[in-house]
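First the structure, in the form of structure tokens, and then the observations on it.
The values are calculated or read from the model by the stated rules, or taken from the named source; none is laboratory data. Note that the structure is a prediction, hence the values are computed from the model and not measured. Heads up, the Cβs are rebuilt from the backbone with ideal geometry, glycines too, and the neighbour counts pull from every protein chain shown.
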Amino acid sequence: MTAFSLAPEAAGPRLHVARRTLERLRSVPALAPRYPAHLDADSLERLAELPPLAKDDLNTALAHLEPAAEQSATWLFQSGGSTGAPKVGYAPTGFYMAGVHAHWQPLDRADVFVNAWGAGRMWGAHFLAAALADLSGCRIIALGSVAGDEYGGWLEFLAARRVTAIGGTPSVLRLWFSQARAAGVRLPALRKVLWLGEAWQPQLAADLAAVAPQARRWGMFGSTETWVVGTNTPDCPADVFHPLPHQLVHTDADGLLDFTTLDPEMLNPVLRYRTGDAGELTTCRCGRPEPAMRVLGRRDSVVQVRGLGLDVDELIARAERTPGVARAQVVLTERAGRATGVEVLVVPTGAAPAPDVERLRTELFTATLTLGTAFQHDPGSFRVRPVAELVSNGRTGKTAALVLREEA
């Protein structure tokens with residue numbers, strides 16, 4: 001049983017973009033065998049017969065096609081942060097946000113908006129949010145990342161400027177509002193909280209109620225490859241998004257979502273692209289009649305660490321390729337839903353020489369975008385530790401690649 005976010009009569013006029021994307025993918029020698037001549041994308045049924053794209057497939061296509069915008073600069077971003085090939089995405093100046101703004105307008109000219117998404121290391125969220133704010137005509141404070149000892153001064157500044165909106169990943173937002181609550185800072189003018197990059201964290205509600213009781217959340221869902229797929233409003237559940245008209249969402253019997261972009265200006269050949277998110281099509285309590293998308297979480301080896309994706313399987317593979325390491329396991333420690341540390345446990349082979357764990361730690365930290373970015377202000381929160389045995393389930397004896405620990 002398959003389902004699409006657009007009805008056949010609505011998708012039909014736009015499917016020429018999907019057919020064009022299919023021809024682009026067929027022009028890539030490494031991918032051409034995946035798309036024999038009898039497969040087409042002239043209807044939703046035919047589109048569902050096409051094989052889904054994975055991260056490595058899309059990276060192969062982008063390396064061959066080398067996309068370029070026709071009317072503006074071409075921006076190249078990456079995400080994923082694993083020790084292997086990252087997710088790559090191209091976008092023209094503006095990041096397709098004119099199409100988003102036409103259907104979703106959380107900001108207006110009266111707003112003073114704090115853009116708290118990190119602005120560096122080739123992640124597009126800060127620039128995407130800046131483009132949206134630019135279209136709204138509001139005032140913008142492009143704050144980006146803030147070190148732990150800087151929150152107090154900045155919070156006083158934001159309160160004095162009567163900030164009405166702030167945006168960031170939920171992990172970053174939790175830092176802001178927990179710091180404000182602990183310091184007794186109030187932001188009474190704040191009415192809007194924009195978020196993108198990870199799931200909404202319900203723990204934010206308590207801090208928001210204390211710091212900014214009038215604030216309500218406005219969410220975006222997407223990825224570096226698909227850009228913004230859908231949005232929600234304060235009247236929608238936090239895990240339900242309304243797909244934009246140029247984004248075709250498909251869910252299959254396996255429960256994984258895939259995305260086909262029907263925007264003719266899209267530079268990435270996104271055709272049944274799977275990001276690893278599971279979900280379903282549903283109706284939204286906000287009352288809008290069209291199908292909405294409920295996101296149920298990831299079903300691949302990528303986990304969120306402070307708003308960035310960490311590929312656990314690739315991190316373990318990198319560690320186990322190190323001489324002297326027999327097995328490895330990742331331990332993610334969280335406090336109230338936020339990552340406080342990542343530890344790689346390694347079991348030595350027993351043969352001499354023993355693995356150099358400090359050298360391995362440095363290699364993993366510098367080679368992994370997520371670790372280097374997430375822990376840039378507290379690098380000691382990432383460790384590599386030799387152990388006699390990995391953490392296992394005492395009842396089943398199973399040893400998972402990822403262990404989650406909750407700090408009190």
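Numerical summary
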item: Per-region count, the range 332-376, residues at pLDDT 90 or above, out of contact with any helix residue (DSSP H, G or I) (no Cβ under 7 Å at 6 or more places or on another chain) and in a helix (DSSP H, G or I); result: 6
item: Flag for Val305 being within 30 Å of Phe375 (Cβ to Cβ), of a type in the set (A, V, I, L, M, F, W, C), in contact with a Ser or Thr (Cβ under 7 Å, 6 or more places away or on another chain) and surrounded by 22 or more Cβ atoms within 10 Å (Cβ to Cβ); result: yes
item: Which listed residue is assigned by TED's automatic domain parsing to the domain that holds His103, out of contact with any helix residue (DSSP H, G or I) (no Cβ under 7 Å at 6 or more places or on another chain) and in contact (Cβ under 8 Å) with a residue 12 or more places away in the chain, from Arg186, Arg181, Arg161, Arg174; result: Arg161
item: Any hit, the range 205-218, residues being within 17 Å of the chain's Cα centre (by Cα) and closer than 25 Å to Ala339 by Cα; result: yes
item: So Ala205, is it more than 25 Å from Arg294 (Cα to Cα), in a helix (DSSP H, G or I) and of a type in the set (Gly, Ala, Ser); result: no
item: Top-ranked residue of the range 69-105 - restricted to ones that are out of contact with any Asp or Glu (no Cβ under 7 Å at 6 or more places or on another chain) and over 26 Å from Pro264 (Cβ atoms), ranked as modelled with the lowest pLDDT; result: Gly81
item: Complete set of residues in the range 218-236 that are touching a helix residue (DSSP H, G or I) at 6+ places or on another chain (Cβ under 8 Å) and either not hydroxyl-bearing (Ser, Thr, Tyr) or not in a strand (DSSP E or B) (or both); result: Met220, Glu225, Trp227, Val228
item: Val303 being assigned to a strand (DSSP E or B) and modelled with pLDDT of 95 or more; result: no
item: Residue in the range 346-354 that is touching a residue at least 24 places away in the same chain (Cβ under 8 Å), under 25 Å from Gln78 (Cβ atoms) and surrounded by 14 or more Cβ atoms within 10 Å (Cβ to Cβ) present; result: no
item: Flag for Arg359 being under 18 Å from Thr169 (Cβ atoms) and surrounded by fewer than 17 Cβ atoms within 10 Å (Cβ to Cβ); result: no
item: Within the range 312-330, considering residues that are hydrophobic (A, V, I, L, M, F, W, C) and buried (at least 19 other Cβ atoms within 10 Å of the Cβ), the one nearest to the chain's Cα centre (by Cα); result: Val312
item: Wholly within the range 54-136, helices (runs of 4 or more DSSP H) carrying at least 3 residues that are surrounded by 20 or more Cβ atoms within 10 Å (Cβ to Cβ); result: 55-65, 125-136
item: Residues that are in a loop (DSSP other than H, G, I, E, B) and under 24 Å from Val249 (Cβ atoms), drawn from the range 29-50; result: Leu31, Tyr35, Leu39, Asp40, Ala41, Asp42, Ser43, Leu50
item: Test: residue in the range 238-259 that is assigned by TED's automatic domain parsing to the domain that holds Arg109, farther than 30 Å from Pro13 by Cα and in contact (Cβ under 8 Å) with a residue 40 or more places away in the chain; result: no
item: The range 237-285, residues that are touching a Pro at 6+ places or on another chain (Cβ under 9 Å), part of a strand (DSSP E or B) and modelled with pLDDT under 95; result: Leu256
item: Selection within the range 285-302 - surrounded by 16 or more Cβ atoms within 10 Å (Cβ to Cβ) and either over 20 Å from Glu198 (Cα atoms) or aromatic (Phe, Trp, Tyr) (or both); result: Pro291
item: Inter-residue pairs, beta-carbon under 8 Å, first in contact (Cβ under 8 Å) with a residue 24 or more places away in the chain and farther than 24 Å from Arg24 by Cβ and in the range 266-292, second aromatic (Phe, Trp, Tyr) and crowded, with 21+ Cβ neighbours inside 10 Å, 6+ apart; result: Ala292/Phe241
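Yes/no per residue for (1) closer than 15 Å to Ala212 by Cβ; (2) assigned to a helix (DSSP H, G or I):
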residue: Arg162; (1), (2): yes, no
residue: Ile166; (1), (2): yes, no
residue: Ser171; (1), (2): no, yes
residue: Phe177; (1), (2): yes, yes
